[in-house]
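Take a look at the structure below.
Quick note: the coordinates plus some simple rules give every number you see, no bench work behind them. In this text the structure is predicted, and so the values were computed from the model without any measurement. Cβ atoms come from the backbone with ideal geometry, glycine included; neighbour counts cover every protein chain shown.
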Amino acid sequence: MNSLLDRIVASAGALPFALLRRHDGAGIEVLSGDVVDVDVLADIPLDGRPVLAAVPFRQVRERGFAVHDDGAPLRCLIVSERGTVPLTEALVAFPSEPAHVEPQGFDTPDDEYAGIVRRVIDDEIGRGEGANFVIARSFLGQTDAPTVPALLSWFRALLTDESGAYWTFAVHLPTPNTPPLSMVGATPERHLSVHGGVALMNPISGTYRHPATGPTRDGVLDFLADVKESEELFMVVDEEMKMMSAVCPDGGRILGPYLKQMSRLSHTEFLLEGRTSLDVREALRLTMFAPTVTGSPMQNACTVIARHEPRPRGYYAGVLALFEPDSVGYELDAPILIRTAYLEAGGRLSVPAGATLVRHSTPEGEVAETRAKASGVLAALGLLPRQASASRIDLNAQTGVGESLAARNERLASFWRLAQNSGDPVGRRAPDAGRVMPDRAQAADDTDASSSQLTGRSALVIDNEDQFTTMLAHQLRHLGLEVRRAHWAEVESVADDELVVFGPGPGDPRDLSQRRIARLRALMLERLRAKRPALAVCLSHQVLAQLAGYEIVSLPAPRQGVRLDVDVFGERAAIGFYNTFGATARLRGARSPRTEFELEASVDDDGIVTALRGPGVASIQGHLESVLSSDGLATLRRLTEFALHEAQLTTA
């Protein structure tokens with residue numbers, strides 16, 4: 001038996017430790033050392049030793065986002081001792097039965113949580129505040145068991161009963177002056193890893209809740225065919241690709257989709273990869289936190305969470321981040337803190353769980369989803385019947401599953417599925433055997449969309465609090481432009497830039513009481529009156545349409561995460577849409593009402609303006625940068641070339 005593990009078991013909670021089983025590894029990693037708290041990610045002490053950091057959700061304030069600040073510490077274990085114990089030996093060392101827990105139920109009852117779901121769908125998604133939002137609640141319990149034996153007993157149950165976890169872990173980090181941080185979990189989701197300069201993210205969304213009798217082939221095929229479940233996954237892929245575009249200069253690419261099977265539910269997932277040279281702490285800061293546990297767009301999602309969740313999140317939706325020294329600095333492995341139980345002083349236990357709310361959500365379905373997501377941990381706590389993994393069928397091996405997964409790529413832009421520089425940025429395949437890989441040979445015309453007309457031109461992209469602008473800027477660079485991004489509040493004037501791209505953002509474009517909307521309108525007026533080239537996307541397209549005299553209306557059904565085939569000035573294009581509002585027009589192909597700015601419009605079958613153009617200006621309602629936009633890059637090239645070319649004709 002490992003002497004370090006022996007000392008941990010015998011220490012009665014005095015010795016800090018972390019026990020990790022990573023990526024279904026054969027053994028248990030045992031870590032111990034000194035515990036320190038730091039204020040921000042940049043203060044995590046990377047001085048040559050490994051560090052395990054527990055990053056609470058409140059750290060999202062480092063990005064300037066709203067949060068209920070509960071003071072949860074950014075706690076670091078500076079590793080001075082480590083070892084590995086074979087799984088079979090570790091199981092012998094842990095208590096064989098889960099420590100007793102007295103259940104107390106969810107802190108937010110079912111009917112109250114259902115009411116929150118309704119309000120978020122109606123008042124947030126229905127008002128254009130975002131495409132999806134994750135709202136959490138916690139199952140509570142009480143135990144009289146000593147901390148370390150309790151943690152180890154629950155850890156053992158997760159090791160034997162749960163499957164498909166990215167990390168299974170037990171962590172106990174006491175300090176002299178503050179309550180200890182004690183948690184145990186089996187998280188399915190990698191947030192961010194960086195190894196050898198390769199960054200990987202792993203968005204997981206869409207949930208197949210296994211029946212009590214076990215999962216079935218028909219059940220999983222019905223799940224894979226569910227539009228709500230697939231759109232939910234595409235939305236979070238879009239949001240994490242925004243992060244990849246911020247962290248990786250060459251952007252990221254998409255691998256998958258895959259099916260991740262666990263003991264009581266299964267998820268769909270993608271793997272995103274790219275190259276980065278950032279300090280791993282900065283890469284982690286730029287990706288706080290995963291849209292699968294917050295929503296999109298990220299900044300507004302945090303505002304919505306603060307508005308609708310009655311209590312702070314603690315460590316839920318944060319990460320465990322293992323920093324390990326390598327030949328050039330540090331590598332990082334950081335899973336998301338979900339499917340985790342937290343044991344506080346006095347024996348209070350909490351198991352947070354959240355559901356992703358989208359336009360198709362039902363209150364009853366999301367109530368059931370939070371229960372399903374908590375069920376694996378609750379079973380390990382002895383509060384639900386345990387299930388033997390040997391009795392479950394392998395869903396990935398069922399006829400039709402691989403084909404159903406692969407078919408989802410038909411809706412994705414090849415630009416984001418292929419390497420975007422000279423050669424494969426990673427040169428390796430996904431780590432899980434048996435999963436269906438994308439057809440790397442399938443390449444749409446837009447992957448070769450670089451244009452000599454745009455090479456060397458420059459553009460300012462204005463961020464209206466939606467980081468789709470990181471993907472938009474990446475695509476413009478791919479087309480040959482030199483691009484800089486700026487937050488709307490930092491832009492003093494737009495008169496002099498060669499091209500200004502007014503980006504997307506949340507909210508109602510009619511609401512000039514919002515400082516952001518009023519400023520966007522003022523900047524666009526300045527640019528149009530200067531008769532300088534401009535491109536407007538989504539929210540900015542709606543503001544431009546207002547200036548051109550169109551009425552902005554709330555759509556009968558939000559187009560959040562929807563892929564549509566639309567006409568863009570005589571050419572059909574498959575484009576992803578994320579809009580709750582639209583500019584309405586009565587005639588197809590009409591010119592705008594007689595105003596200071598007269599523009600030609602492309603109008604869809606529902607009378608909604610898809611695109612506008614005129615001398616030196618073009619706009620699009622959809623998101624050409626979205627992974628859903630198969631024709632996005634080619635359409636972006638056309639509209640950008642039009643704006644620059646027509647501006648030259650106007651000033652000639």
**Asked** Cross-link partners among lysines for LYS242, C-alpha distance below 22 Å, same-chain residues fewer than 8 apart left out?
**Response** LYS228
**Asked** In whole percent, what relative contact order does the chain give with Cα contacts below 8 Å and a gap of six or more residues?
**Response** 14 percent
**Fill in**
One computes Rg over Rh for the chain from alpha-carbon atoms, with the Kirkwood Rh, and obtains 0.99
**Least to most buried among ARG527, ARG484, ARG21 (fewest other Cβ within 10 Å first)** = ARG484, ARG21, ARG527
**Complete:** A chain fully extended from HIS100 to VAL38 at 0.36 nm per residue, minus the present Cα-Cα distance, gains in nm 18.9 nm
**Item:** More than 22 angstrom apart: percent of Cα pairs within the stretch 57-163
**Value:** 62 percent
**Asked** For the stretch 444-651, what is the relative contact order in percent, using Cα pairs closer than 8 Å and at least 6 residues apart in sequence?
**Response** 19 percent
**Prompt:** Which FRET efficiency value, to the nearest 0.05, is calculated for ASP111 and SER327 with the Förster distance at 51 angstrom and r the Cβ-Cβ distance?
**Reply:** 0.35
**Prompt:** If each residue's Cβ is checked for other Cβ atoms within 10 Å, how do PHE642, PHE223 rank with the fewest at the top?
**Reply:** PHE642, PHE223
**Complete:** Descending packing, highest mean Cβ count within 10 Å first, for 409-417, 225-233 is 409-417, 225-233
**Request:** Pick out, in residue order, every one of the GluC sites (Glu not before Pro) in the stretch 464-526 that is DSSP loop and has at most 11 other C-beta atoms within 10 Å; say none if there are none.
**Result:** GLU492
**Asked** What is the mean projected area of the alpha carbon convex hull for the stretch 444-651, to one decimal in square nanometres?
**Response** 10.3 nm²
**Request:** Using DSSP, restrict attention to beta bridges with both residues in the stretch 444-651 and report what percent are antiparallel, rounded to the nearest 5.
**Result:** 60 percent
**Inter-label distance for ALA368 and GLU410, nm, one decimal - labels placed 7 Å from Cα along Cα-to-Cβ** = 2.8 nm
**Prompt:** If you count, for each residue, the other Cβ atoms within 10 Å and average over each peptide, how do 509-515, 319-325, 563-569, 292-298 line up from highest to lowest?
**Reply:** 292-298, 319-325, 563-569, 509-515
**Message:** For the pair ASP69/ARG572, report the inter-label distance in nm, with labels modelled 7 Å from Cα in the Cβ direction.
**Reply:** 5.4 nm
**Message:** Please compute the length gained on full extension between GLU641 and ARG392, using 0.36 nm multiplied by the number of residues separating them and subtracting their Cα-Cα distance.
**Reply:** 84.1 nm
**Message:** Please report the net charge: other residues with Cβ closer than 9 Å to the Cβ of ALA353, K and R +1, D and E -1.
**Reply:** +3
**Request:** Sort the following peptides by mean Cβ neighbour count (other Cβ atoms within 10 Å, averaged over residues), highest first: 181-191, 87-97.
**Result:** 181-191, 87-97
